[in-house]
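The values are calculated or read from the model by the stated rules, or taken from the named source; none is laboratory data. On a predicted model such as this, the values are computed, not experimentally measured, just so you know. Cβ sites come from the backbone with ideal geometry, for glycine too, and all protein chains shown count toward neighbours.
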Amino acid sequence: MAKKIKSVEGVVIRFAGDSGDGMQLTGTRFSETTAIVGNDLSTLPDYPAEIRAPAGTLAGVSAFQLQFSARDIHTPGDQPDVLVAMNPASLKVHLPDLVPNGTIIVNSNTFSKKYLKLAGYESNPLEDESLKEYTLYSIEMSRLVENACRDLNLPAGTVGRTKNMFALGLCYWMYNQPLEPTIKWLKIKFSKKPNLVEANTRALHAGYAYGETERIFSTVYKVEAAKLAPGEYRNINGNYALSLGLLAASIKSNLPLFYGGYPITPASDILHKLASFRNFGVKTLQAEDEIAGISAAIGAAFAGNLAITATSGPGMALKSEALGLAVMAELPLVVINVQRGGPSTGLPTKTEQSDLFQAVMGRNGESPIPVIAPATPGDCFNVAYEACRIAIKYMTPVIVLSDGYLGNGSEPWLIPNINRLPEIKVNFVKLSKDTFMPYLRDETNLARNWAIPGTTGLEHRIGGLEKEDITGDISYDPENHQKMVQLRAQKVENVANEMEPTTVFGSENGDLLVLSWGSSEGACRTAVERVINYGKSVSHIHLRWVNPLPRDLGEILIRFKQILIPEINMGQLSKIIRAEYLVDAKGLNLVKGKPFRAGEIEKVITELIG
Amino acid sequence: MAKSELVKPQLLTRMDFVSDQTVRWCPGCGNYSILAQTQRKFPDFGISKENFVFVSGIGCSSRFPYYIDTYGFHTIHGRAPAIAAGVKLANPELSVWVVTGDGDALSIGGNHTIHLMRRNLDINLLMFNNRIYGLTKGQYSPTSELGKVTKSTPMGSLDRPFNPPALALGADATFVARTIDRETHHMQNMISRAYYHHGTSFLEIYQNCLIFNDGEFRFLTDKETRDDHVLILEHRKPMLFGKERNKGIHLDGNAPKVIELGDEWSKNDVLVHDERDWIIASILSHFTYRGDLPTPIGVLYAVDEPVYEDMLDDQIQKAMKFQGKGDFKKFVMSGSVWHVE
């Protein structure tokens, strides 16, 4: 059948299935392919905390959503246009999100009595007309892959697991995408198991061929390449970009990278990546606990390494005391919190922005720390690099607030030229005629001297007890304490000197300003773009540093009649902004373990400005 | 403050390791002796003092780094072993020493202590054991005997005490030794043995707290009683003790007991110490808290095992050899990369 190709600007697909169905892999492959084709894209993996929740249950559903587009996009899309559901439970969980009249593709072989019951269906939705407002493609994927792989003599279970490749092949056909990148990937992935390469490739082809030969699909869609800035690109997720940013900082500063950490979802991938950089001289220690992870990093910083630790909320709580030590000892340290739903163990695999207060204020005493937050997966690279630069320049711990959505989500990333990254200067103190003073400060930015063990003649002691100004000796003097508290605060305030003037998207003043931080940037920008298109006077500012705040922020805020701060928390930045600038900022606060949909923000903007 | 003159290592003396800070332990505290023996012994090692790092946690013992003129880091409660691990991994050339107490190392920092020992980093851990909390003014510690009456346990403590050398052996430490604050010469020897051991050295130092637990180790230090209660261990030597050196340790099956040499028992019946024998070390470690057996001091156990930082460096060298030395540009441009005009 001749393909009728229809061009569309962008599509949102969600792959959903049992946690064992390989949906994360399917989504990742589709993303890679669309990236190579030149689409802009944004992804949202969504999986349960359990490694294998009971098969067929609602709790065990794993999903991967991506938006690919011919234009520059900022989010994985509000609602899927296409839902691929590999079993009844995944249909049940994800159908409510599908756009009206959207497309559903199901593996009908799994719609047995047992699995329908597990999903809580009284009758089979494929047969009872409940899906009639959607375009439903009910396909016997399990049977078709079995047919395709019959002569390979592989166990039935192995063949069955290739059904995700069938679904992927079919989607490739529907969106006019090439199979080759996936086949190439399969060959590498299963290089030692040629049988699996064959079975998966056959399933992929079978899905593609199904689209081509069955006369049920009338149209194939094409998403043109997006107009991205020229250069070399790769598809990257936030945790990987972050790891590369740290590596780049280590290379540019000429400091060996030391990472101490403890595995925790969703930050573990940073440890995994860094551990694979041994040939760059990177040292990683999987410590006995979160406290040991940061403690070892502090020790490494004392000894002159670029010291890093990464964790998520509960781990951050455990690291608080050691963070205080890094503040007092004034050592460079980068602490990454890939935030997840809290409190306590909370929602390990779901995203949230609720550790802002913890980062800014969550320590005993007056304990200021600069806090920076990436906006997109690719931005994690820049932010990690900048955090290292500031930590070294100011001799301070720096907290990076990423989150599960950024860590696991991916987008095309313009590969930076390492030569063009800002310089990171390290000035270890050497023996000179002057008596060495560990707490003597740089006059401009207040960073203290960094003299590392092994340096002749500079033997000195530091620690968690209050330091005497300049000498670093222990001091209980009241005036000295007041002075040191102020010096540490001023040093962190000075980080604002590093910031470019704040960019306002939209007009410089107007009816409403949307103020965002961290991963909410994309949804906020999309929402603001939409309402500007309707002719409304709405602007957007995105904060990269949340502590300290940009010096010019206060004067910009008062130029707007209303301020809206959407956050995946109960209003933490809102409270800071209200306290800092005495403005009546309103919050949009959703904590559902998911990133914002642009539509949710658009709706509130529209309500506020009437 | 640091002294800014260059000092040739071979010319170092005790005074080179004395810092300009006033020592603020209680007069008569056992810690003075430990500090002095360390300062006396360190010049013998022949390395310049900028290569020594002392890391401590919290407690009376943990003030130690301020008083010795090397690099030092007085950190937070219990975390010194982890911080020291970071120092050592960042720069394996340094001679890294942890100074800690029974509360710091075995209570709040128990986890870090055991994991340091099992990883076997080349770090020397000096654990001052006074069996009491001094800095918080007199609560029982994890090495206080069961039933100890303190401010926090007016009716006696309910915790069974930790046995430090047994714990160290259980954590697969490669060097376990014990000494006593008053045994100055012996302590210097043990500090030296710890220094020369490649791997984690766990040295327990019985230390008298004059204020809150005075006399805890009197039976090991008083002239009249010490010979009958202290068993000085020497590698490949029979375990003899007593004023006349006429008492020995005999193994009755697996059970150690004290024998008196004479008609019934001869030297041949006395157990011979072997630092490399974990079983003997384990038996010796369980003499602690036993009234009927003497307290062993000396090296209970010392074996060579692979050292963490050596293996890490090995991995780095291997990775560089087989993958090539990391090249960032090449690395980020490999794999699925596409070009946009």
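Computed quantities for the displayed model
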{"quantity": "Output for region B:160-171, where each listed residue is part of a loop (DSSP other than H, G, I, E, B) and either within 26 Å of B:Ile34 (Cβ to Cβ) or of a type in the set (A, V, I, L, M) (or both)", "calculated": "B:Pro161, B:Phe162, B:Asn163, B:Ala171"}
{"quantity": "Spans of strands (runs of 3 or more DSSP E) in region B:174-245 with at least 3 residues within 28 Å of B:Glu93 (Cα to Cα)", "calculated": "B:175-180, B:201-206"}
{"quantity": "Of all residues in region A:142-153 being at pLDDT 95 or above and surrounded by fewer than 22 Cβ atoms within 10 Å (Cβ to Cβ), the one that is nearest to A:Gly17 (Cα to Cα)", "calculated": "A:Ser142"}
{"quantity": "Considering residues of region B:299-330 that are charged (D, E, K, R) and outside any helix (DSSP H, G or I) only, the residue nearest to the other protein chains (Cβ to nearest Cβ)", "calculated": "B:Lys325"}
{"quantity": "Residues located in region B:223-249, provided they are touching a Lys or Arg at 6+ places or on another chain (Cβ under 8 Å) and farther than 21 Å from B:Val299 by Cβ", "calculated": "B:Thr225, B:Asp228"}
{"quantity": "Single unsatisfied condition, A:Leu44 versus (1) more than 17 Å from A:Pro412 (Cβ to Cβ); (2) in contact with a helix residue (DSSP H, G or I) (Cβ under 7 Å, 6 or more places away or on another chain)", "calculated": "(1)"}
{"quantity": "Residues located in region B:54-83, provided they are farther than 25 Å from B:Met15 by Cα, in a helix (DSSP H, G or I) and facing chain A (nearest Cβ under 7 Å)", "calculated": "B:Ala82, B:Ile83"}
{"quantity": "Every residue from region A:394-410 that is out of contact with any helix residue (DSSP H, G or I) (no Cβ under 7 Å at 6 or more places or on another chain) and not in a helix (DSSP H, G or I)", "calculated": "A:Met395"}
{"quantity": "Which listed residue is at pLDDT 95 or above and either under 25 Å from A:Pro256 (Cβ atoms) or not aliphatic (A, V, I, L, M) (or both), from B:Val307, B:Val299, B:Val258", "calculated": "B:Val307"}
{"quantity": "Any chance B:Thr150 is more than 14 Å from the chain's Cα centre (by Cα) and surrounded by fewer than 24 Cβ atoms within 10 Å (Cβ to Cβ)", "calculated": "yes"}
{"quantity": "Flag for A:Leu247 being at pLDDT 95 or above and touching a Pro at 6+ places or on another chain (Cβ under 8 Å)", "calculated": "no"}
{"quantity": "Every pair of residues 6+ apart whose Cβ atoms lie under 8 Å, when the first sits in region A:437-448 and is within 14 Å of another protein chain (Cβ to nearest Cβ) and within 17 Å of B:Tyr71 (Cα to Cα) while the second is in a loop (DSSP other than H, G, I, E, B) and among the charged types (D, E, K, R)", "calculated": "A:Tyr439/A:Glu330; A:Tyr439/A:Glu468; A:Tyr439/A:Asp469"}
{"quantity": "Failed condition for B:Glu50, given (1) touching a residue at least 40 places away in the same chain (Cβ under 8 Å); (2) outside any loop (DSSP other than H, G, I, E, B)", "calculated": "(1)"}
{"quantity": "Sole residue being under 26 Å from A:Thr349 (Cα atoms) and modelled with pLDDT of 95 or more, chosen from A:Ile556, A:Ile565, A:Ile577", "calculated": "A:Ile565"}
{"quantity": "Some residue of region B:221-244 being modelled with pLDDT of 95 or more, of a type outside the set (Lys, Arg) and under 30 Å from B:Ser152 (Cα atoms)", "calculated": "yes"}
{"quantity": "Hits in region A:80-122 - residues which are at pLDDT 95 or above and among the polar types (S, T, N, Q)", "calculated": "A:Asn87, A:Ser90, A:Thr103, A:Asn107, A:Ser108, A:Asn109, A:Thr110, A:Ser112"}
{"quantity": "Verdict on A:Glu224 being within 10 Å of chain B (Cβ to nearest Cβ) and closer than 26 Å to A:Pro377 by Cα", "calculated": "no"}
{"quantity": "Within region A:213-268, tally of residues that are of a type in the set (Phe, Trp, Tyr) and surrounded by fewer than 21 Cβ atoms within 10 Å (Cβ to Cβ)", "calculated": "2"}
{"quantity": "From A:Lys425, A:Lys433, residue being of a type in the set (Lys, Arg), assigned to a loop (DSSP other than H, G, I, E, B), without any contact (Cβ under 8 Å) to a residue 12 or more places away in the chain and more than 30 Å from A:Gln24 (Cα to Cα)", "calculated": "A:Lys433"}
